[in-house]
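Single-structure report; data block below.
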Amino acid sequence: MAFNIGDNIKEEFIKVIDFIFYEGEIKGYKFKDLSGSAKLKVLSMALYFDNRIEVYFPGYKESVSSKTKRAYKNCKMMIIASYLNLTTKICSNNEDLCKSAKDNFNELKIIFDLTWDLINDLANDGLNNVRDWYEIWNGK
């Protein structure tokens, strides 16, 4: 059987998304057991890798989703929403990590061209999300 780098990358992507959203384990760790800082780093890296994979393998999430029972098509949105929710939680009790999370999100916003319209669409389930996420998006 020939080695296909595209298939290998897709498999690794599935592991990362399963780790973040579906109680998957990587080297004996679960996402829920990580510190807030580590979770933010994992989410940032997942967003970066998703973007890079999409550049080289356009539409890869559709092919992954068609082979599994789980939905991977909206993972970018799920990662962004998770980052914003986690940042909102962190900002309620850790000022230093809050500033770092907001600064990092500002970088992500620029790198991945995350617009307010996108954030607003993600926050459609509540006014509190819109307010909290706007403060993060705006760097306040």
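Name the residues in the stretch 21-56 that are touching a helix residue (DSSP H, G or I) at 6+ places or on another chain (Cβ under 9 Å) and of a type in the set (Asp, Glu), would you? Listed by number, the residues that qualify are GLU23, GLU25, ASP50, GLU54. Does the stretch 105-119 include one or more residues that are modelled with pLDDT of 90 or more and polar (S, T, N, Q)? Within the stretch 105-119 (the criterion being modelled with pLDDT of 90 or more and polar (S, T, N, Q)), the answer is yes, since at least one residue qualifies.
Look at (1) at pLDDT 80 or above; (2) under 29 Å from ASP7 (Cβ atoms) and you find that ARG70 fails only one, number (1). Residues in the stretch 17-53 that are surrounded by fewer than 15 Cβ atoms within 10 Å (Cβ to Cβ), of a type in the set (D, E, K, R) and at pLDDT below 90: 1 in all. Taken over the stretch 10-38, residues that are part of a helix (DSSP H, G or I) and either free of Cβ contacts under 8 Å to residues at least 12 places away in the same chain or not basic (Lys, Arg) (or both) amount to 17.
For the structure I just gave you, tell me whether TYR56 is within 22 Å of ASN138 (Cβ to Cβ) and either surrounded by fewer than 18 Cβ atoms within 10 Å (Cβ to Cβ) or at pLDDT 80 or above (or both). Walk me through how you get there before you give the answer.
Values: within 22 Å of ASN138 (Cβ to Cβ): no; either surrounded by fewer than 18 Cβ atoms within 10 Å (Cβ to Cβ) or at pLDDT 80 or above (or both): yes.
When the stated conditions are applied, TYR56 does not pass them.
The values are calculated or read from the model by the stated rules, or taken from the named source; none is laboratory data. Quantities reported herein were computed from a predicted structural model and do not represent experimental measurements. Counting neighbours? That spans all protein chains shown, and the Cβs are built from the backbone with ideal geometry, glycine included.
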